[in-house]
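Before any comments, here is the structure.
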Amino acid sequence: MIIVVCNWLYFKNGLGMKNQAVQVRGMWEDRLNAKRVILFALVVLAISIGCGFSDLHAAAKKRPNVIFVFVDDQGYYDLGCYGATEVETPRIDAMAEQGTKFTDYYAAAPICSPSRAGLLTGCYPRRVGNQTWVHRADSSSGINPSELTLAELFQDNGYATACIGKWHLGFHEPFLPNNQGFDHYFGLLHNLDPVEVVYFEEEGGVPLLRNGEVVKRPADPAELTRLYTDEAIRFIEKKQNDPFFLYLPHTMLHEPVGVSESFQGSSKWGDYGDAIQELDHNVGRLFDTLKRLKLDDNTIVIYASDNGRGPGRTAQQKIRGRKLSTYEGGMRVPAIAWGPGLGLQAGVESSAVVRAMDWYPTLATFAGIEVPQGRVIDGRDISPLLEGESEFVPAPGMKSSLNATVPLRRRWDPAGEWASIVKRNEYNNAFFYHGSHGALAAVRWKHFKLQLNPSLQLYDLSEDPGESKLVRNRDMLRKLRGMAIMFQDEMRLDARDAGEFSQATYTSGRTMIAPETLGGLNSKLDVTYARYGERTLAMNIYRPKDAWGTLPAVVCIHGGGWAKGSRVHHAQVAQAIADRGYVAATISYRLSGESPFPAQIQDCKAAVRFLRANAEEFGVDSKQIGAVGLSAGGHLTALLATSGGVNELE
């Protein structure tokens, strides 16, 4: 089996990942677009023994598709099925009737960027260094390339992946969607509010992008919901025979609210209500597409908001608070899970406390993917709840699902003051509210919520969702305060850094690898792999110091092969790849001035054979050897992937 994947310099895998911050240093090479790092083709040659293509295709068909509709700034009561009378949302209401509607579901944060980081990493935003405010266009940070996003988890396991909509998670090359696990991207990297559009005034406005290319500038908020859905439908149609993960983070309902002409004046709630009804219509288009393509019985659809918007509007709608706050109105949001064809329960209203981070291990379980060992996240596998096996999330020790034990990877070393009053499962099931500035503000366990500032205030949300009546319960107050202190200790010890981009100019003008990265690698230089008379071909081999056992290998094929290329030109590429948990070898080969084609591809194949023959010495998994290449090296990489069995090229 041959799998060809296009990627950038910064690519990741579930194996051998590190938790340090990644610094990207250096200036872009002059011949490349200033917004891009080195683009190369990553070709993974996976050798399957005893498994034909038809078997693989049949296995893939059994894996469910996943669509995650992520709405921006929708309040708890702002759908018909959640009590809204000002709008009609028949398609989303039908989704709730055929699935699970959550009454106590929480976004990871009360503001855009941290909320998205929490969803895609399965972690509290604070654990991954993305807890504070939002990433503006001049932000130097984003999701660390060492994190394994949900998209990468699916991508690494054979899923086609797409992000269609608003990103807002960092804007330098390592942080962009195509470098965070998404094969395809279409949408806006930014908001359209006045605070962000000012960055783009000289360029003509915020651009609508497709895989880095400008589709339209400036983007028109009134057409985004339709355009995103059009693109999503095209992706589904294109990938209907493959398992896919579609992340659809709508720009709406963020200000400025945009409504197409067809929906203007359609609700009783102004532009906001009109935009909700347009969203509902386009959610319906997704379901219609699934039915038309006969994918509805093999697809899971999740609908949720990234944070709250405002308080209730009637006496029955008691939740208070707005976006940015840690009152319930800032973080408790609508959420619906649908998948009756795959055994997910239908027509159920669940009061279980569920958090955005829980989708990561849960969706992985439905796809049959185990969260890689050593990956510490905060999400819990709620698949037994969604399948109707339990009303609440089973304890990890019950091992009732594929990723049930993932929470046990979190630190558990309670101080003596708290050890007797906080149990491990209670702690893992608690929800820790963080404000828009990143600080811990409240703790919820079961139906009790403890606000931490300006003084300790305990509420019973089952009786008082409006947080208006203080509860006197000394034991519960002490338990939740203990949880808060334990969480602070956990984050102090285990929180990871955000990705941080810095660009420094070096006299060589070439991209440099951080010293701490180089210090983590073993290297073996000038290893001879072939001789032609007096001409010796060699490779430099890099491997992470802290990795045990065999690792996948990547052969790095330099450019300029027709005239003046050299393997030293790919040293930084090889070092960056090795830092991600691979054996990386940058090779020399005969240039066109030395020998005519096909000598060059024959040399590349000789390098692969050498690594395979010496796999034990270099710690290489001989069945997982791939290649990357730039310019002429890219052509050779493609030939390496497609010319097996062609005698003239062996």
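Give the peptides 319-328, 104-113 in descending order of average Cβ contacts within 10 Å, highest first. Spell out each step's value before the answer.
On the way: 319-328: 20.3, 104-113: 27.3.
Put in order of decreasing packing, that is 104-113, 319-328.
With all protein chains present, how much of the accessible area of the stretch 386-542 (probe radius 1.4 Å) comes from carbon and sulfur, to the nearest whole percent? Please report the intermediate quantities before stating the final value.
On the way: 4020 of 8320 Å².
Carbon and sulfur atoms account for 48 percent of the accessible area of the stretch 386-542.
Give the residue from SER455, THR550, ASN130 lying farthest towards the positive end of the charge dipole for the chain; charges sit on Cβ (+1 for Lys and Arg, -1 for Asp and Glu) and the dipole is referred to the Cα centre.
It is THR550, whose Cα lies furthest towards the positive end.
Among bridges DSSP assigns within the chain, what percent are antiparallel (round to 5)? Provide the component values of the computation, followed by the final result.
Values: 53 of 90 bridges.
Counting only bridges with both partners in the chain, antiparallel ones make up about 60 percent.
Dividing the convex hull volume of the alpha carbon atoms of the chain by its residue count, what do you get in Å³ per residue?
Numbers: hull volume 108.2 nm³, N = 650.
For the chain, the hull spanned by Cα atoms encloses 166 Å³ per residue.
For the stretch 207-323, compute the number of Lys pairs whose alpha carbons are separated by less than 16 Å, excluding pairs fewer than 8 positions apart on the same chain. The partial results should precede the final answer.
Values: LYS238/LYS291; LYS238/LYS294; LYS239/LYS291; LYS239/LYS294.
Qualifying lysine pairs in the stretch 207-323: 4.
Going by average Cβ density within 10 Å per residue, which order do the peptides 192-198, 627-633, 404-410 take, highest to lowest?
Ranked from most to least packed, the peptides come out as 627-633, 404-410, 192-198.
Of the DSSP beta bridges with both residues in the stretch 507-650, give the percent that are antiparallel, rounding to the nearest 5.
Values: 13 of 24 bridges.
In the stretch 507-650, DSSP labels about 55 percent of beta bridges as antiparallel.
Enter the per residue convex hull volume of the stretch 89-184, computed from alpha-carbon coordinates, in Å³ rounded to the nearest integer. List each step's numbers first, then the result.
Values: hull volume 13.1 nm³, N = 96.
Considering the Cα atoms of the stretch 89-184, their hull volume per residue is 137 Å³.
Going by average Cβ density within 10 Å per residue, which order do the peptides 333-342, 436-445 take, highest to lowest?
Numbers: 333-342: 22.5, 436-445: 19.8.
Highest-to-lowest ranking by the protection proxy: 333-342, 436-445.
Based on DSSP H assignment, which helices of the chain show an axial Cα extent of at least 18 Å together with a mean Kyte-Doolittle hydropathy greater than or equal to -0.5? Intermediate results must be reported in sequence, preceding the final value.
On the way: long enough: 224-238 (21 Å, -0.33); 270-292 (33 Å, -0.83); 474-494 (30 Å, -0.56); 599-613 (21 Å, 0.11).
Qualifying helices: 224-238, 599-613.
So if I place +1 on the C-beta of Lys and Arg and -1 on the C-beta of Asp and Glu, and nothing else carries charge, what would the dipole magnitude of the stretch 557-650 be about its Cα centre? I want it in debye, nearest 20. Could the numbers behind the result be given before it?
On the way: 8 positive and 8 negative charges, 30 e Å.
Rounded to the nearest 20 debye, it is 140 debye.
Given Cα pairs under 8 Å that are at least 6 residues apart, what percent is the relative contact order of the chain?
On the way: 1471 pairs, mean separation 125.1, N = 650.
Reported relative contact order: 19 percent.
For the chain, with the dipole built from +1 on Lys and Arg beta-carbon atoms and -1 on Asp and Glu ones, taken about the Cα centre, which of ASN179, GLY165, ASN403 lies farthest toward the positive end?
It is ASN403, whose Cα lies furthest towards the positive end.
I'd like the carbon and sulfur percentage of the solvent accessible area for the stretch 304-363, probe radius 1.4 Å, heavy atoms only, ligands and nucleic acids excluded.
Within the stretch 304-363, the accessible surface is 51 percent carbon and sulfur.
Placing +1 on the Cβ of each Lys and Arg and -1 on the Cβ of each Asp and Glu in the chain, which of GLY388, PHE102, PRO145 has its Cα farthest towards the positive end of the resulting dipole?
The Cα lying farthest towards the positive end belongs to PRO145.
Classify the stretch 309-369 as rounded, prolate or oblate, taking a ≥ b ≥ c as the square roots of the eigenvalues of its Cα gyration tensor: rounded when a/c is under 1.5, otherwise prolate if a/b is larger than b/c and oblate if not.
Numbers: a/c = 3.76, a/b = 1.87, b/c = 2.01.
Oblate.
If the only charges are +1 at each Lys and Arg Cβ and -1 at each Asp and Glu Cβ, what is the size of the charge dipole of the chain around the Cα centre, to the nearest 20 debye? Write down the numbers at each step before the final one.
Numbers: 69 positive and 73 negative charges, 288 e Å.
Rounded to the nearest 20 debye, it is 1380 debye.
The values are calculated or read from the model by the stated rules, or taken from the named source; none is laboratory data. Quick caveat, the model's predicted, so the values are computed rather than measured. Positions of Cβ are generated from backbone atoms using ideal geometry, with glycine treated the same way; all protein chains shown enter the neighbour counts. Protein only, heavy atoms only, side chains kept; ligands, DNA and RNA dropped before computing areas. Shrake-Rupley method; radii C 1.70, N 1.55, O 1.52, S 1.80 Å.
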